[in-house]
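Before any comments, here is the structure.
The values are calculated or read from the model by the stated rules, or taken from the named source; none is laboratory data. The structure displayed is predicted, hence computed values, not measured ones. Neighbour counts run over all protein chains shown; Cβ positions are idealised from the backbone, glycine included. Quick note on the areas: whole protein, heavy atoms, side chains included, nothing else; ligands and nucleic acids left out. Shrake-Rupley method; radii C 1.70, N 1.55, O 1.52, S 1.80 Å.
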Amino acid sequence: MELLLATAIGAITATGIYLALRSRTFELVLGMTLISYAVNLFIFAMGRPVAGRAPILREGVPTTLEHYTDPLPQALVLTAIVISFAMTAVLIVVALKLREVSGGDHVDGGDPAGDSGRERGDP
Amino acid sequence: MEGLLPHLAVLPVALPLLAGALSLVLLRHAGWVRAITVVSLSSLLAMSLVLLVQTAGGASWTYALGDWPAPFGIALAVDRLAAMMLTITAVMGIACRLAAGNEGSRRFDALLLFQLAGLNGAFLTADLFNLFVFFEVLLAASYALLLDGAGAARLRAGLHYVTVNLLGSSLFLIAAAMFYGVAGTLNIADLDARLATLPASDAGLAQVAGLLLLAVFAIKAAALPLGFWLPGTYGAAAVHVAVLFAVMTKVGIYSILRVHGALFEAVPQTASTALPLAGLALPWLLPAGLATLLLGAAGALAARDLRVLVAWLVVVSAGTLLAALGLGTVPATAAALYYLPHSTFAAGAMFIAVEFVARRRAGSSTPVAADYRIYAGRPVREAPWIAALFFVTALVVAGLPPGSGFIAKALLLDAAAATPAHAWIWSVVLLSSLVVVVALARCASAVFWGPSTAAAIPPAVQGTGVGGRGLLLAALLLLGCGLVMALFAHPSYDFLRQTAAALGAT
């Protein structure tokens, strides 16, 4: 499971970074989303997840971490998911507005042909 | 420390959050919103002054929210440094509100209060994950403030700013998760204790996490390889937002001081520094700071836009602070702590001074991009008080004798003289000061004395029609704070020296 999880996180991060470095805002948003997925998986992984053990106390089971999955990273992941979701929403709104104002989806506010739109905007 | 006083720790976060929410509810009643803002800002200032007085004697306490004990609950910590940062934030918040006048949108007051809640939370928290959460609160508010009253340039800068900070947040989460993985806690004091007894096999992971965290804070502080987002962003922001943003880079500096000071003894202490990870950040801070300083000075010299020029001056101040922290001695840290409020106030005042130039050129309170060009060929003549404001602020910013900047730089150079890196510090700091003086002098001579080659400036708009009164009050407030720091330099330095000496002990 470790190998699978590590490979998955690595692959998602690599894809995310590749997309984030592209010049279109849509790909940028996708890339940032993938990176935040990878980060959430990573937080989860750092809590040493164990298969078949719930993070909830049960009767008759000693209250030590050997018998449970650590619940704290799951709480952290929940917070991180909420925050990264909200921030991605902000990014999408800014990207849409930029496209509306500058007439293109280049990250520097240009037209779809690929050249930057510096002549359109302010210096 | 008894009675209700310890509970004062939570108010600088809770009050602006509640007040911000309330002012959103009462959005349609401008009078109520204004009253809420005035009450919140003044009580924030009062609270931080009370905390400052309370902690000045060396008192510090941890406030457990909901009375949950430290490793499980989340805690706030109050000490001299936190109280000082709260005071600076409250002053900058007031200056921002004054400078905004009636310019901001209807939601501006709520955003300002949320931003202050995030800043205060970041300064007070004693928990690594909560530091992340408060970073996000202040960033979310700053995105909205930056984009307030959009426009192509501002949107472009906003997209870059949001992206860079999203990446920074991802790195922060990775670092926090690694700390949790090796130590099983995210409370900073707890983490410090666990790191001290860390098995050697996990030391590498902790080191990676610490350096990742340093990279995150360097993004916030705009240190050299990670700071290129700053000039474009600050250069595109509205003036009152830029004034508030002057304190934002300081959050990164503060976090380095707080987190790396506690976890890795980045600030050397009298206590033993036999930890395997001691001084993890120090070898990076000094070179990064000096390089940032040089880049900032070069950027100021190359800037063709008034606001971008001031934004590069913010980079200069971040570089100076990082270099001073990188020296890692108590006097150098105290000098950095003196330079920190000085540079915040001075940068805010400078943003206002250039706004006056642009408004005078535009003849209205809504200057366009062309009005911010330094070499526009439209000298601002017959405006003695704008020129005087620009001159005085530039003196303070550049660190020339009568102002607080001079004392800050003298303290820094004096502190550096006792360290092995003094040749680097002296030459780079003095060289960059010279370059900044040249850049400001050239800018002023182009703006006020330059030949007139373009269309004449429309006649001055009378009265406060250009929103000048609030801006002027904000500039006077910021310059006044700098003046107080300069007049009471000795007591403040003593206070800061004790602050610096106490940092690693917490």
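Some notes on this structure:
- Among the residues of the stretch B:34-77, those identified as under 21 Å from the mean Cα position of the chain (by Cα) and farther than 17 Å from B:Pro16 by Cβ are B:Leu52, B:Ala77.
- Annotation: of all residues in the stretch B:159-168 being open to solvent by 10 Å² or more (accessible area, probe 1.4 Å) and touching a Phe, Trp or Tyr at 6+ places or on another chain (Cβ under 8 Å), the one that is farthest from the other protein chains (Cβ to nearest Cβ) is B:Val164.
- Residue within the stretch B:67-84 that is open to solvent by 10 Å² or more (accessible area, probe 1.4 Å), closer than 24 Å to B:Gly482 by Cα and at pLDDT 90 or above present: yes
- Criterion violated by B:Arg156 - all others in (1) of a type in the set (D, E, K, R); (2) surrounded by fewer than 23 Cβ atoms within 10 Å (Cβ to Cβ); (3) out of contact with any Phe, Trp or Tyr (no Cβ under 7 Å at 6 or more places or on another chain) satisfied: (2)
- Within the stretch B:485-497, residues that are in contact (Cβ under 8 Å) with a residue 12 or more places away in the chain reach partners that are aromatic (Phe, Trp, Tyr) with beta carbons closer than 6 Å, at six or more positions or on different chains, in the pairs B:Leu496/B:Tyr338.
Results for (1) assigned to a helix (DSSP H, G or I); (2) at pLDDT below 85; (3) open to solvent by 20 Å² or more (accessible area, probe 1.4 Å); (4) of a type outside the set (A, V, I, L, M, F, W, C), shown as yes or no for each residue.
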| residue | (1), (2), (3), (4) |
| --- | --- |
| B:His240 | yes, no, no, yes |
| B:Thr249 | yes, no, no, yes |
| B:Val267 | no, yes, no, no |
| B:Ala271 | no, yes, yes, no |
| B:Leu277 | no, yes, no, no |
| B:Leu301 | yes, no, yes, no |
| B:Thr320 | yes, no, no, yes |
| B:Ala324 | yes, no, no, no |
| B:Pro331 | yes, no, yes, yes |
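- Cβ pairs under 9 Å, 6+ apart, first in the stretch B:40-64 and on the phi < 0 side of the Ramachandran plot, second open to solvent by 50 Å² or more (accessible area, probe 1.4 Å) and not aliphatic (A, V, I, L, M): B:Ala56/B:Gln498; B:Ser60/B:Thr506; B:Tyr63/B:His7
- Qualifying residues in the stretch B:88-124 (those that are open to solvent by 10 Å² or more (accessible area, probe 1.4 Å) and within 14 Å of another protein chain (Cβ to nearest Cβ)) - the one nearest to B:Ser60 (Cα to Cα): B:Phe114
- Here B:Ile188 meets the list (1) open to solvent by 30 Å² or more (accessible area, probe 1.4 Å); (2) more than 11 Å from chain A (Cβ to nearest Cβ) almost entirely, failing just condition (1).
- Residue check for A:Ala54: open to solvent by less than 70 Å² (accessible area, probe 1.4 Å) and modelled with pLDDT of 80 or more: no
- Taking each residue of the stretch A:1-20 that is under 9 Å from A:Ala38 (Cα atoms) and looking for partners that are open to solvent by 80 Å² or more (accessible area, probe 1.4 Å) with beta-carbon atoms closer than 8 Å, six or more apart or interchain, yields A:Ile12/A:Tyr37; A:Gly16/A:Tyr37.
- Options B:Leu41, B:Leu45; residue that is open to solvent by less than 30 Å² (accessible area, probe 1.4 Å) and touching a helix residue (DSSP H, G or I) at 6+ places or on another chain (Cβ under 6 Å): B:Leu41
- Boolean, B:Ala175 is in contact (Cβ under 8 Å) with a residue 12 or more places away in the chain, farther than 26 Å from B:Gly289 by Cβ and within 12 Å of another protein chain (Cβ to nearest Cβ): no
- Any hit, the stretch B:10-23, residues being over 30 Å from B:Leu496 (Cα atoms), assigned to a helix (DSSP H, G or I), open to solvent by 70 Å² or more (accessible area, probe 1.4 Å) and not hydrophobic (A, V, I, L, M, F, W, C): no
- Within the stretch B:399-448, tally of residues that are closer than 30 Å to B:Asp371 by Cα and among the β-branched types (Val, Ile, Thr): 5
- Of the residues making up the stretch B:132-152, those that are under 13 Å from A:Val94 (Cβ atoms) and open to solvent by 10 Å² or more (accessible area, probe 1.4 Å) are B:Ala140, B:Ala144, B:Leu147, B:Asp148, B:Ala150, B:Gly151, B:Ala152.
- Members of the stretch A:21-49 that are farther than 22 Å from A:Glu100 by Cβ and among the aliphatic types (A, V, I, L, M): A:Leu21, A:Leu34, A:Ile35, A:Ala38, A:Val39, A:Leu41, A:Ile43, A:Ala45, A:Met46
- If the condition is being more than 17 Å from B:Val241 (Cβ to Cβ) and among the hydroxyl-bearing types (Ser, Thr, Tyr), then the stretch B:341-384 contributes B:Ser343, B:Ser364, B:Tyr375.
- Between B:Phe406, B:Phe345, the distinction of being surrounded by 24 or more Cβ atoms within 10 Å (Cβ to Cβ) and in a helix (DSSP H, G or I) belongs to B:Phe345 only.
- Check on B:Ile36, β-branched (Val, Ile, Thr), touching a residue at least 12 places away in the same chain (Cβ under 8 Å) and in contact with a strand residue (DSSP E or B) (Cβ under 6 Å, 6 or more places away or on another chain): no
- Residue match in the stretch A:42-52 (condition: among the basic types (Lys, Arg) and either within 8 Å of another protein chain (Cβ to nearest Cβ) or under 22 Å from B:Leu212 (Cα atoms) (or both)): yes
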